[in-house]
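The values are calculated or read from the model by the stated rules, or taken from the named source; none is laboratory data. On a predicted model such as this, the values are computed, not experimentally measured, just so you know. Using ideal geometry, Cβ is built from the backbone for each residue, glycine included, and neighbour counts are taken over all protein chains shown.
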Amino acid sequence: MGKGLMSLHVNGFLVSTRTNRGKTAGSAVCVVDPAITDCQTMGFAAFLLYTLDHILQCRALGINQPTVFWRACNSVCSRNPRVNSWDWYFEPVNHGLERKVENVICLLEATGALTIERLNEKSQHNLGAILDNSFKNRSNVDGFETSKIITTQERLRVNKLIHQYVKPNSRINEKVEIFYQQHLAGFTVLGVHVRGTDHWKETSEKRLPSLMSWVKKAQSILETLPQPRKIFIASDNNEVIKKFVFYFGTEMVSLFQLFPFCYLCFLKYAKVAVTLILNHEQTSC
């Protein structure tokens with residue numbers, strides 16, 4: 001049995017808390033359920049980064065044991081809000097821990113003067129936000145005024161966080177492995193992540209590079225790779241996919257259009273691939 005839920009401010013964060021009676025005194029878990037407050041129309045990759053940001057906010061509160069839920073989050077979740085869709089794709093993170101500890105903390109939002117950035121200054125760890133950071137300065141773009149530049153150090157930090165919490169489950173691993181063995185095993189792979197569609201809104205120019213700029217850049221890199229070689233495209237932009245197939249041929253181009261599997265395939269192939277990311281002139285990760 002546990003006490004009822006309460007909402008309160010803790011170090012500038014609005015949180016909901018619950019106490020489980022009869023559990024180890026002082027034990028705590030931070031429930032990461034990002035869609036509670038804001039899911040917007042995020043795609044799979046953006047929502048994953050948003051989830052990692054919530055885990056960092058738990059750390060800012062001094063709680064290093066998160067448990068992750070994806071519920072009612074539009075494009076990547078089941079329509080049934082009782083289903084934890086994180087488990088569709090990844091291994092559970094501290095499954096059921098919210099029933100085994102004394103204190104359950106659910107982060108709702110950062111508020112007030114002492115936000116995560118202020119807490120970051122006092123911490124020995126880098127707790128800065130991940131979502132919306134870019135390879136170029138976007139401080140002049142509406143909605144991205146606080147975004148930071150993606151440096152080598154930042155990429156290593158996020159990579160470590162992903163390896164700690166984002167572990168594709170056996171179902172996903174099997175699908176990825178089958179596709180890899182059928183289409184890419186034995187090849188040097190150029191991975192192309194084409195971010196198009198609504199991405200122009202996130203640029204200061206309010207436009208995307210021409211399709212031919214993607215093709216020419218891919219061609220210049222492909223020519224430097226040892227034979228045999230292939231191009232793997234992770235994209236839901238059919239116009240770009242058709243353009244690549246037209247110029248390079250069906251034997252050279254492989255794609256996995258079922259999202260989010262193509263993102264997860266892309267992560268695996270990146271281990272053996274030279275990766276080309278042309279997101280609006282390389283302004284986004």
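Things to note:
- Among the residues examined, Ile178 does not qualify as modelled with pLDDT of 90 or more, among the hydrophobic types (A, V, I, L, M, F, W, C), surrounded by fewer than 16 Cβ atoms within 10 Å (Cβ to Cβ) and not in a loop (DSSP other than H, G, I, E, B).
- Residues (aliphatic (A, V, I, L, M), outside any helix (DSSP H, G or I) and closer than 16 Å to Leu97 by Cβ) located in region 40-67: Leu61, Ile63
- Selection of helices (runs of 4 or more DSSP H) fully inside region 194-278 by the criterion of at least 1 residues being among the charged types (D, E, K, R) and at pLDDT 80 or above returns 211-222, 238-248.
- Some residue of region 82-89 being among the basic types (Lys, Arg) and over 25 Å from Ile150 (Cβ atoms): yes
- Cβ-Cβ under 8 Å pairs, at least 6 apart or on other chains, region 238-255 side assigned by TED's automatic domain parsing to the domain that holds Ala185, far side hydroxyl-bearing (Ser, Thr, Tyr): Ile241/Ser235; Leu255/Ser235
- In region 23-39, the residues that are at pLDDT below 85 and either part of a loop (DSSP other than H, G, I, E, B) or not assigned by TED's automatic domain parsing to the domain that holds Val76 (or both): Thr24, Ala25, Gly26, Thr37, Asp38, Cys39
- Cβ pairs under 9 Å, 6+ apart, first in region 160-181 and more than 17 Å from His54 (Cα to Cα), second modelled with pLDDT under 90 and exposed (fewer than 13 other Cβ atoms within 10 Å of the Cβ): Lys175/Leu258
- A search for C-beta distances below 8 Å between a residue of region 204-218 that is under 21 Å from Asp142 (Cβ atoms) and any residue that is charged (D, E, K, R) and modelled with pLDDT of 70 or more, counting only pairs 6+ apart in sequence or on different chains, returns Ser204/Arg138.
- Among (1) basic (Lys, Arg); (2) modelled with pLDDT of 80 or more; (3) assigned by TED's automatic domain parsing to the domain that holds Glu91, the one test that Arg118 misses: (2)
- Among the candidates Val101, Val68, the residue that is crowded, with 17+ Cβ neighbours inside 10 Å, farther than 19 Å from Thr51 by Cα and modelled with pLDDT of 85 or more is uniquely Val101.
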